[in-house]
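A quick write-up on the structure given underneath.
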Amino acid sequence: MEKYNSFLKTLPKIELHLHLEGAIPLETLWELIKKYGGHKELDNNIENLNKRFLFKDFPHFIETWIWKNQFLKEYEDFEFIAHGVAKDLSGQNIRYAELFFTPGDHTEKGLELGRIVESVAKGMAAREKEIELSLIYDLCRDFGPEKGMEQLEKIKDLKSYGIIGIGIGGSEQLYPPEPFKKVYEKARAYGFRTTAHAGEAAGADSVWGAIRELKVDRIGHGTRSYEDQDLVAYLKETQLPIEVCPLSNVRTGVVNSVTEHPVKSYFKEGLNICINTDDPKMFNNSLEQDYLCLIDELGFSLDDIKLLLYNAVAASWCDDKKKRQLKSEIADFYDKYHYL
Ligand SMILES: [Zn+2]
């Protein structure tokens, strides 16, 4: 496995489903916790933060997500985490990423949406020579469609900060996609690309809702699509891109193990999937580890990984020039590496 480790480490990679607030390096988050006087539960030990991020199930994960948000209080905190995340991603040879972020979690505390966006963009810009990052604004389904529309009206003029699309994360098991239909229509009219978390904490109906009502450009997760074979056939026929997050699904209990994850059957059946980490610092995974699991436990070849990366390039929302550049970087790497 050693040869795969070094191959995957240096391989130029792409992430399309990655949450800024779930990708904060633990040391960066620890700095913020210290800044705000520590937390009694953590007993001044960063190891306890790691343990705090072990999840029983999906609702427990959402609960922990909210707990973590208490350490993001000032605008400079957002710049600080964005910088930390950009640095960490470029250190993993991730060449391009589209980052979800959820300012709505923080405007409730009295912070201004525009200034949060500006701070995040500033933190990312500090590393722009190393990695190109775009933002997907997570309207978060828990806030409902009305607040979704309100937020959309505010971000339509903030595209210059790198916001290219919108999505809905949050408690999928409680909030189906259909009520967001008009929000998505408007988002498209404003020129945003669209994705929705679906088929993660809820089943195939939720994926159908995202397709039929929200008319999404991509599906976030899509894990439980297998519950309806007509849906799998539809996804194959239309080649709608799916942002699959295998280790994330194991950590939140959506599937029991990588070997039980449908990623292999989706790939074999020819669905348009790419691989992503979701919330790597909360799930203790990385893109390298996700790929390694596919190789190790599901028998994917390095050529299969190349195809998955090409899928990610094609499904990304960057311009054609950037897509060509990313694809040739991956192709060159494979040519030079002389793997067997
Ligand atoms: Zn997600």
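The values are calculated or read from the model by the stated rules, or taken from the named source; none is laboratory data. In this text the structure is predicted, and so the values were computed from the model without any measurement. Glycine gets a Cβ as well: all are built from the backbone with ideal geometry, and neighbour counts include every protein chain shown. Side chains included, ligands, DNA and RNA excluded: accessible areas come from the protein's heavy atoms. Shrake-Rupley method; radii C 1.70, N 1.55, O 1.52, S 1.80 Å.
Contact map, the range 172-193: first residue over 23 Å from residue 204 (Cβ atoms), second residue of a type in the set (Ser, Thr, Tyr), Cβ cut-off under 8 Å, separation 6 or more or different chains; pairs are 187/194; 188/194; 192/137. A Cβ distance below 6 Å, combined with a sequence gap of six or more or placement on separate chains, defines the contacts here; from the range 314-340, residues that are over 25 Å from residue 271 (Cα atoms) and part of a helix (DSSP H, G or I) reach no residue that is at pLDDT below 95 and open to solvent by less than 30 Å² (accessible area, probe 1.4 Å). Taken over the range 241-255, the criterion of being away from the ligand (no atom under 12 Å from the Cβ) and touching a strand residue (DSSP E or B) at 6+ places or on another chain (Cβ under 6 Å) is satisfied by 241, 242.
Residues of the range 155-174 being within 16 Å of the ligand (Cβ to nearest atom), part of a loop (DSSP other than H, G, I, E, B), among the aliphatic types (A, V, I, L, M) and open to solvent by less than 40 Å² (accessible area, probe 1.4 Å), which ones?
Start the filter on the range 155-174 by keeping residues that are within 16 Å of the ligand (Cβ to nearest atom), which leaves 165-174.
Imposing the further condition that a residue be part of a loop (DSSP other than H, G, I, E, B) reduces the set to 168-174.
Going one step further and asking which of them are among the aliphatic types (A, V, I, L, M), we end up with 168, 174.
The answer is 168, and nothing else.
Between 260, 243, the distinction of being within 19 Å of the chain's Cα centre (by Cα) and of a type outside the set (A, V, I, L, M) belongs to 243 only.
Looking at 80, 71, just one residue is crowded, with 16+ Cβ neighbours inside 10 Å, touching a His at 6+ places or on another chain (Cβ under 9 Å) and hydrophobic (A, V, I, L, M, F, W, C), and that residue is 71.
When the range 183-195 is filtered for residues that are open to solvent by 10 Å² or more (accessible area, probe 1.4 Å) and either over 20 Å from residue 159 (Cα atoms) or assigned to a strand (DSSP E or B) (or both), only 193 remains.
Residue check: is residue 46 modelled with pLDDT under 95, among the aliphatic types (A, V, I, L, M), surrounded by fewer than 18 Cβ atoms within 10 Å (Cβ to Cβ) and over 23 Å from residue 195 (Cβ atoms)?
Working: modelled with pLDDT under 95: yes; among the aliphatic types (A, V, I, L, M): yes; surrounded by fewer than 18 Cβ atoms within 10 Å (Cβ to Cβ): yes; over 23 Å from residue 195 (Cβ atoms): yes.
Here the answer is yes, as residue 46 does meet what is asked.
Within the range 29-47, is even one residue under 30 Å from residue 312 (Cβ atoms) and away from the ligand (no atom under 16 Å from the Cβ)? The answer is yes; a qualifying residue exists.
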